[in-house]
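Comments concern the structure below.
The values are calculated or read from the model by the stated rules, or taken from the named source; none is laboratory data. This one's a predicted model, so the numbers in the text were calculated from it and none came from an experiment. Here the Cβ positions follow ideal geometry from the backbone for every residue, glycine too, while neighbour counts run over all protein chains shown. Only protein heavy atoms, including side chains, enter the accessible area calculation; ligands, DNA and RNA are left aside. Shrake-Rupley method; radii C 1.70, N 1.55, O 1.52, S 1.80 Å.
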Amino acid sequence: MKRFFLLGFTLLVTLAMAQAAYKIERVEPAFWWAGMENENLQLLVYGQNISDLRPSINYEGVLLDRSVQVKSPNYLFLYLKIDKDVKPGRFDIVFNRKNKAQLKYSYELKKRREGSAQRQGYNTSDVMYLITPDRFVNGDLSNDEVEGMKEGLDRSAEFGRHGGDLAGVISKLDYIEEMGYTTLWLNPVMENDMPEGSYHGYAITDFYKTDARHGSNEDYVKLSEELKKRDMKLVIDMIMNHCGSHHWWMKDLPADDWLNFQEGWQVTTHLRETNMDPYASDYDKRRHADGWFVESMPDLNQRNPLMADYLIYNTIWWIEYADLDGIRMDTYPYPDKAFMSEWTRRVMAEYPYFNIVGEEWSTNPAIVSYWQKGKHNSDGYISYMPGVFDFPLQDALVKALNEDDSQWGQGLPKLYGMLANDHLYADPTQLVVFPDNHDMSRFYTQINEDFDLFKMGMAYIAITRGIPQIYYGTEILMTNPNSDSHGEIRGDYPGGWPGDKVNAFTGEGLTAQQKEAQQFVKTLLNWRKTSNAVHKGDLKHFAPNHANGLYTLFRYDDESVVMLMMNKNPEAKDVNILPFKDEVIGTATQGTDVISGSVVSLAGDKVTVGPRSFLLVEIKK
């Protein structure tokens, strides 16, 4: 009897040990939606020895197409086929060994929002407000320090965590709306659980989780919902190129080719031109695309089909989950270019009216235009991305404002010449235009803190073709006078922390000039909301004559004409408007100064523009 008892006890212990050997730690994405355009879905399943098990699903409309094992025994990649008419609900994914269930995971197919597939992305009627969340407003002091996370609060550190969060952004939506912004682009808010220096958000350690120091996934959804109540939009900042070195999978990589240069990291050459250079060597192409930015940002290998699918489904999950209106794609030319083509295709196939803008930091429009949807490239490369950031025009604007117009080819002719390159773009109206962003010196610093040039430049950004993006603090003349350090460029927004002596939200402590700049931007952007000519109209400009320091640009449609005259001269100038009447203005005899509201006479053959100033006039037909 004792012998049988011991045998039975041993069997129970063995069974318990076998069951204990299996554990599901992650399923990504944790849920999905019924009725998606793409009937396929990849699930990453991670847990101890999970590859020993054989999954099965019994739910009408859902088929487990295949299960993929990799080198690490702790991963399974499941591919599901989901009928478009499948009913929302829960079903079990059963993990079996020798025909016996070892584990179950309850998976949910949620009901989609009505009209989700037809969502309208941001467009030319919008103005983006770019925010670095850690540096904007600290709305929830309780998440400044999060137990278990590697870096705590240190507002005194230039590259430290300062405490800004999603609650802070939500608390200032009234201000953002009143200023005239219609769309928010936040630097990444996904988890960056790195030891130091990841306040910026670009070293992601969990692609499905909001960083706890910013809030929760629910807080991010709340931000989107609050924006929708104001008829405003949300753009997510995504990174396909790399993750953070403390990403959860770095301790147990699925395969030997999950990362580029996985055997020993190498820095990228940053030679983005290799993507379109007809003479580029394979060696140079690999060193650019596969190289890492820094050791703390491992470069992801999108040529691995499991990695590629993981990133694509993660993108679609966030769009659907948070009801997003657009994507800003970081370091667009650095991932595998074939993958980026497929990524844009898959996203736009799921959401045909969505919008995406990619970062290609080049001042050469021939390079930037390569990535835009509709561009006929000589190498046959196809992109499905609607927009790109107009770095060439930003560079031209700063040079046009700073340079001495008395020198041949300098000054305002730079703006004329750069716009003339629009023939290179498939759709110039979809370019995102901007005076500055989170990676470059503040606009006011770039133009040597010249307030006249500031107003001139902001007026140009507001009415030129494209979709304007303004960086937080630009409206109050924030600067980085000590260096071009990113930590200083991404300075704290005054008034975003308890005890701040200066508060840009109330005006307390702002200089008279800062208040004037803030009101100027507010007037300009709120007017822009009403101008269909700026949103959808044609553009025509008249070339600056050599050394005269004058430039005139028009936006117009059947209802109205918007005229911007720029004068960089130290004295007022009379501008001959007869050519403008012939081609654009027509018989109109007056217009309205957009900033002052005063009447501008167009009855004669000249209009006077003040010294080092501009004239922005709306003319009703």
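So here's what we get for this one:
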| item | result |
| --- | --- |
| Any strands (runs of 3 or more DSSP E) falling wholly within the stretch 552-599 and containing at least 3 residues that are touching a strand residue (DSSP E or B) at 6+ places or on another chain (Cβ under 8 Å) and modelled with pLDDT under 95 | none |
| Members of the stretch 430-455 that are polar (S, T, N, Q) and in contact with a helix residue (DSSP H, G or I) (Cβ under 8 Å, 6 or more places away or on another chain) | S441, Q446, N448 |
| Qualifying positions in the stretch 201-223 - surrounded by fewer than 20 Cβ atoms within 10 Å (Cβ to Cβ) and either modelled with pLDDT under 95 or polar (S, T, N, Q) (or both) | S216, N217 |
| Residue in the stretch 424-447 that is over 21 Å from the mean Cα position of the chain (by Cα), modelled with pLDDT of 95 or more, farther than 19 Å from T183 by Cα and open to solvent by less than 20 Å² (accessible area, probe 1.4 Å) present | yes |
| Qualifying residue in the stretch 488-495 (condition: in a helix (DSSP H, G or I), open to solvent by less than 20 Å² (accessible area, probe 1.4 Å) and at pLDDT 95 or above) | yes |
| V94 touching a residue at least 40 places away in the same chain (Cβ under 8 Å) and of a type in the set (V, I, T) | no |
| Close pairs from the stretch 293-309: first aromatic (F, W, Y), partner surrounded by fewer than 20 Cβ atoms within 10 Å (Cβ to Cβ) and not in a loop (DSSP other than H, G, I, E, B), Cβ under 9 Å, at least 6 apart | F293/V267 |
| Flag if Y313 is buried (at least 18 other Cβ atoms within 10 Å of the Cβ) and part of a helix (DSSP H, G or I) | yes |
| Spans of strands (runs of 3 or more DSSP E) in the stretch 172-262 with at least 2 residues of a type in the set (V, I, T) | 233-238 |
| Among residues of the stretch 324-365, those that are touching a Ser or Thr at 6+ places or on another chain (Cβ under 9 Å), of a type in the set (V, I, T) and within 13 Å of S383 (Cβ to Cβ), counted | 3 |
| The stretch 30-46, subset among the aromatic types (F, W, Y) and open to solvent by 10 Å² or more (accessible area, probe 1.4 Å), residue farthest from P88 (Cα to Cα) | Y46 |
| Tally, over the stretch 231-267, of residues that are open to solvent by less than 10 Å² (accessible area, probe 1.4 Å) and more than 21 Å from D309 (Cα to Cα) | 3 |
| Which listed residue, of A366, A322, is open to solvent by 10 Å² or more (accessible area, probe 1.4 Å) and modelled with pLDDT of 95 or more | A366 |
| Odd one out for I131 among (1) open to solvent by less than 10 Å² (accessible area, probe 1.4 Å); (2) free of Cβ contacts under 8 Å to residues at least 40 places away in the same chain | (2) |
| Restricting the stretch 550-605 to residues that are β-branched (V, I, T) and open to solvent by 30 Å² or more (accessible area, probe 1.4 Å), the residue that is farthest from L524 (Cα to Cα) | T587 |
| Unique residue being assigned to a helix (DSSP H, G or I), in contact with a helix residue (DSSP H, G or I) (Cβ under 7 Å, 6 or more places away or on another chain) and of a type in the set (A, V, I, L, M) when the list is A349, A308, A280 | A308 |
| Filtered residue count, the stretch 454-486, keeping only those that are more than 19 Å from the chain's Cα centre (by Cα), of a type outside the set (D, E, K, R) and open to solvent by less than 10 Å² (accessible area, probe 1.4 Å) | 11 |
| Filtered residues of the stretch 453-467 (kept if under 12 Å from D436 (Cα atoms) and touching a Lys or Arg at 6+ places or on another chain (Cβ under 8 Å)) | none |
| Failed criterion for G148 (all others in (1) in a loop (DSSP other than H, G, I, E, B); (2) at negative phi; (3) not acidic (D, E) hold) | (2) |
| Selected residue (only one of R345, R328 is open to solvent by 10 Å² or more (accessible area, probe 1.4 Å) and at pLDDT 95 or above) | R345 |
| Filter result (buried (at least 17 other Cβ atoms within 10 Å of the Cβ) and not aliphatic (A, V, I, L, M)) within the stretch 53-63 | P55, Y59 |
| Matching option when the condition is open to solvent by 10 Å² or more (accessible area, probe 1.4 Å) and within 29 Å of G549 (Cβ to Cβ), among K373, K399 | K399 |
